[in-house]
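Chemist: Right, I'll just put the structure down here and ask away after.
Every number in this text was worked out from the coordinates using simple rules, so none of it is lab data. The structure presented is a predicted model; accordingly, all values stated were derived computationally and were not measured. In this analysis, Cβ positions are derived from the backbone assuming ideal geometry, glycine residues included, and neighbour counts consider all displayed protein chains.
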Amino acid sequence: MNPNDIMQQQQTIIDQIMHRQGQLGILAFIIWLVGVCVSCWVIYMFYRCQRDAADELKKIRLIYQYEVEDRKDEAKQPPRTISTAKDNPFASSSPEEKYKPKG
């Protein structure tokens, strides 16, 4: 065999290896990029879920806060008394009394 043929065969083998190595490098980069994108998507979905839960807790806190304030306002007001016929001469004891003549 001619030394030039041997060199050409070796060069062909090296070119094939370099080409395959370049393809593997590109493939590894694409896999890494897909992994980063999936990781970012998972993190985004986790924080979106947390944000939704935080919004719900905020609503619950506001509702509770308004209920507590309403209870405090009710506690500050004097209790309502129900007037009876003894206390109020204008209150009727039966529904027909309002149609009866007064006096």
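Chemist: Determine which residues of the stretch 39-59 fall in the zone a paramagnetic label at Arg71 would reach in this model, i.e. backbone nitrogen under 14 Å from the point 7 Å along Cα→Cβ.
Modeler: Inside the label zone: nothing.
Chemist: May I pose another question? By its C-alpha gyration tensor, with a ≥ b ≥ c as the square roots of the eigenvalues, how is the stretch 1-53 shaped: rounded for a/c under 1.5, else prolate for a/b larger than b/c, else oblate?
Modeler: Since a/c reaches 1.5 and a/b is larger than b/c, the shape of the stretch 1-53 is classed as prolate.
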